[in-house]
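Quick notes on the structure that follows.
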Amino acid sequence: MKILIVEDEQGIAAFLKQGLEEECFAVDVAEEGKKGLQLALSGEYDLLLLDWMLPGLSGVEICRQFRKESYETPIIFLTAKDTLDETIFGLQSGANDYIKKPFHFEELLERIKVQLRPKSGVHAVFTLGNITLNTETHQVFREEQEISLTQKEFALLEYLMRNKGKVCRRTRIIESVWDIHFDYNTSVIDVYINALRKKLSLSEEENYIQTVRGVGYIAKEI
């Protein structure tokens with residue numbers, strides 16, 4: 001999953017980015033408000049972490065403009081402001097949660113997990129043929145047999161299954177799974193795709209992960 005941090009204090013931004021990447025999130029950072037809003041409106045993120053006071057555009061203004069465009073992506077404010085009126089003001093602007101600086105990373109992580117928890121009636125389980133992936137337990141099964149995957153293999157399979165039936169371009173895969181944003185040798189994806197096919201024991205008749213030549217891959221049921 002992908003998180004955008006909009007924070008002008010470089011030390012805090014770097015600390016958060018490192019900690020969240022260690023938790024297997026893909027993370028982008030913007031150090032000023034206008035750039036933060038531009039990135040947020042790309043619709044690429046599963047959650048936004050917004051500092052309140054930012055150069056260019058405040059976190060509150062980012063939140064308001066973002067909600068104006070009907071985005072429902074969860075937003076958590078990171079701020080030193082802590083009066084009741086300020087808390088209410090921040091939540092009324094469209095934020096989902098609010099954490100006061102300084103904070104413990106473990107607390108922020110739990111708040112993020114709460115916001116990313118599937119809503120009632122939305123399952124954290126994805127299926128592809130006889131393959132089942134559970135994002136809560138971090139398990140993959142083929143029928144009743146559990147398949148052991150590395151973190152990157154799991155993240156790649158999750159991305160493909162979340163986008164089942166859609167062509168996933170190489171550049172989007174490398175950005176979302178590896179968090180790389182430049183002209184990178186995407187042949188690494190082929191290596192991981194081959195490893196997934198092998199571990200999942202996919203035959204030609206069960207080609208659930210198909211290559212779209214010159215473009216990327218698609219997860220689809222035969």
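Since every read-out is calculated from the coordinates, none of them should be taken as a lab result. Bear in mind that the values here come from a model prediction, so they are computed numbers and not experimental data. Cβ: placed from backbone, ideal geometry, glycine included. Neighbour counts: every protein chain shown.
Table for the structure above
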{"item": "Extension gain (nm, one decimal) between ILE88 and PHE15, 0.36 nm per residue minus Cα-Cα", "result": "23.5 nm"}
{"item": "The chain: angle of helix 105-116 to the longest principal axis, Cα-based, in degrees nearest 10", "result": "70"}
{"item": "Region 128-177 - percent relative contact order, Cα under 8 Å, separation 6 or more", "result": "27"}
{"item": "Phi to ³J(HN,Hα) by Karplus 6.51 cos²θ - 1.76 cosθ + 1.60 over region 206-222, Hz, x for Gly, Pro", "result": "10, 7, 6, 10, 9, 7, 10, 4, x, 10, x, 9, 9, 9, 8, 8, 6"}
{"item": "With Cα atoms, 0 to 90° folded angle of helix 187-199 axis to the chain main axis", "result": "60"}
{"item": "Stokes-Einstein D (µm²/s) once Rh is taken as the Kirkwood radius of the chain over alpha-carbon pairs, at 37 °C in 0.692 mPa s", "result": "174"}
{"item": "Binned Cα-Cα distances of region 1-58, short to long, each 5 Å bin given as a whole percent", "result": "4, 22, 33, 24, 14, 3, 0"}
{"item": "Whole-number percent relative contact order across the chain, with pairs defined as alpha carbons under 8 Å at least 6 apart", "result": "14"}
{"item": "Binned Cα-Cα distances of region 125-219, short to long, each 10 Å bin given as a whole percent", "result": "16, 54, 27, 4"}
{"item": "Helix-only mean residue ellipticity at 222 nm for the chain, each DSSP H run of n ≥ 4 adding -39500 (n - 2.57), per residue, nearest 500", "result": "-11500 deg cm²/dmol"}
{"item": "Exposed trypsin sites (Lys or Arg not before Pro) absent: longest stretch of the chain, with sites in DSSP loops and at most 14 other Cβ within 10 Å deemed exposed", "result": "1-118"}
{"item": "Relative contact order (percent, whole number), region 2-116, Cα cutoff 8 Å, 6+ residue spacing", "result": "24"}
{"item": "Net charge, LEU149 excluded, C-beta distance under 14 Å - Lys, Arg +1, Asp, Glu -1", "result": "+2"}
